[in-house]
Amino acid sequence: MKKPSDHMASAHLWVVATPIGNLEDMPPRAVAVLQQVDAIAAEDTRHSGRLLQHFGIHTPLLAYHDHNEQAQAGKLVQRMLAGERLALISDAGTPLVSDPGYRLVAEARAAGLTVSAVPGPSAAVLALSISGLPVERFAFAGFPPSKGQTRQQWFKALAESGQTEVLYESSHRIASALEAIESVYGADHPVFLARELTKLHETTRLAPVAELRRWLEEDPQQRKGEFVLVLPAKPRQTGLEPRDQQWLEALKEHLPPGQLARVVAKVTGMKKKEVYGLF
Ligand code: SAM
């Protein structure tokens, strides 16, 4: 097995994931890499300073955040081209996932530098993996816009996507997000709510959105902290009876689309062309 130091060639960018709450989730390889690089670019140097201190890492920190990313990316690439090994971390989880870093990674690649990752926690993937909802295909929607017309339209587009969606929301807007979800998906639509994942007050619940709204209204404690929501696809309006829809879903797993369309057309009397619209 390769040791981290085997990879520590010069002129290299490491994208390193850190815990999203529980420090015991720090990947051991992250500690090794962060100890060995020449400098660490971090979103908030004070916040990350505490994390590094906890793990006895004394590597210098550099500020790299949304407001200086444009100027910093070029400078950091120059440093790596001169032979330095740098790491990028964010406040929590995987950098670039609703966090800064895109410009640095893109410019490092464009400059021909090697970019590697130390994988680790990400709240979106964690929530998907425990939601109990279909995840063969999903989309990561990030944060909804904070207000107004664009916010409602954003949720509407989500409901039309036809796939499982995972999104982030802040405690200030979680109640309003559930309200918007109910208005576009319907009150009975199941939603997985994951709060304070990996932390002391972690709560997770899969329930119809109207029920989740009531729960949050009744218990203000449940509105605090950090949230991920997972929404299964909104069922398409097929015009089929629920029982027929179930048959269709089951057959879909076993028959190629052409054969399935022929069977459904025969049973329902629909035209084969119309049937394709059902799946
Ligand atoms: N890069 C991070 C990742 O990989 O998950 C996400 C950073 S984003 C700025 C922060 C948002 O992620 C929070 O507002 C929340 O929606 C979600 N999040 C992060 N940690 C979480 C946790 N422990 N439990 C639930 N959601 C969390």
Point to revise | Of residues in the range 114-142 being crowded, with 17+ Cβ neighbours inside 10 Å and part of a loop (DSSP other than H, G, I, E, B), the one nearest to the ligand (Cβ to nearest atom) | key: Ser122
Review point. Hey, among the residues in the range 81-104 that are away from the ligand (no atom under 12 Å from the Cβ) and buried (at least 16 other Cβ atoms within 10 Å of the Cβ), which one's farthest from Gln35 (Cα to Cα)?
Key: Arg103
Review point. If Pro232 satisfies every condition in (1) within 16 Å of the ligand (Cβ to nearest atom); (2) buried (at least 17 other Cβ atoms within 10 Å of the Cβ); (3) within 20 Å of the chain's Cα centre (by Cα) but one, which is the exception?
Key: (1)
Check your understanding: Somewhere in the range 26-40, is a residue touching a helix residue (DSSP H, G or I) at 6+ places or on another chain (Cβ under 7 Å), under 27 Å from Leu167 (Cβ atoms) and surrounded by 14 or more Cβ atoms within 10 Å (Cβ to Cβ)?
Key -> no
Check your understanding: Does the range 208-229 hold any residues that are outside any loop (DSSP other than H, G, I, E, B) and within 11 Å of the ligand (Cβ to nearest atom), and which are they?
Key -> Phe227, Val228, Leu229
Study note, to complete from the structure: Just one listed residue, out of Ile57, Ile20, is touching a Pro at 6+ places or on another chain (Cβ under 6 Å), aliphatic (A, V, I, L, M) and in a loop (DSSP other than H, G, I, E, B), and it is Ile20
**Study point:** Tally of residues being part of a helix (DSSP H, G or I) and either open to solvent by 60 Å² or more (accessible area, probe 1.4 Å) or assigned by TED's automatic domain parsing to the domain that holds Met26 (or both) across the range 143-153
**Key:** 4
Study note, to complete from the structure: Checked the range 46-80 for anything touching a Lys or Arg at 6+ places or on another chain (Cβ under 7 Å) and surrounded by 13 or more Cβ atoms within 10 Å (Cβ to Cβ); matches are Glu69, Ala73
Exercise for review: Could you please find all residues in the range 22-45 being more than 14 Å from Ser90 (Cβ to Cβ) and free of Cβ contacts under 8 Å to residues at least 60 places away in the same chain?
Suggested key: Leu23, Glu24, Pro28, Val31, Ala32, Gln35, Gln36, Val37, Asp38, Ala39
**Study point:** Criterion violated by Val15 - all others in (1) closer than 17 Å to Val118 by Cβ; (2) in a loop (DSSP other than H, G, I, E, B) satisfied
**Key:** (2)
Practice item. Quick one: count up the residues across the range 208-227 that are within 16 Å of Phe192 (Cβ to Cβ) and of a type in the set (D, E, K, R). Key: 3
Review point. Within the range 151-175, how many residues are touching a helix residue (DSSP H, G or I) at 6+ places or on another chain (Cβ under 8 Å) and polar (S, T, N, Q)?
Key: 3
Review point. Can you pull out the residues in the range 191-207 that are open to solvent by less than 50 Å² (accessible area, probe 1.4 Å) and either more than 10 Å from the ligand (Cβ to nearest atom) or part of a strand (DSSP E or B) (or both)?
Key: Val191, Phe192, Leu193, Ala194, Arg195, Thr203, Ala207
Exercise for review: Residue by residue through the range 155-181, note down the ones that are open to solvent by 60 Å² or more (accessible area, probe 1.4 Å) and outside any loop (DSSP other than H, G, I, E, B).
Suggested key: Lys156, Glu179
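The values are calculated or read from the model by the stated rules, or taken from the named source; none is laboratory data. Here the structure is a predicted model, which is why all the values come from computation and not from measurement. Cβ coordinates were reconstructed from backbone atoms using ideal geometry, including for glycine residues, and neighbour counts include every protein chain displayed. Note: accessible area is taken over every heavy atom of the protein model, side chains too, but ligands, DNA and RNA are not part of it. Shrake-Rupley method; radii C 1.70, N 1.55, O 1.52, S 1.80 Å.
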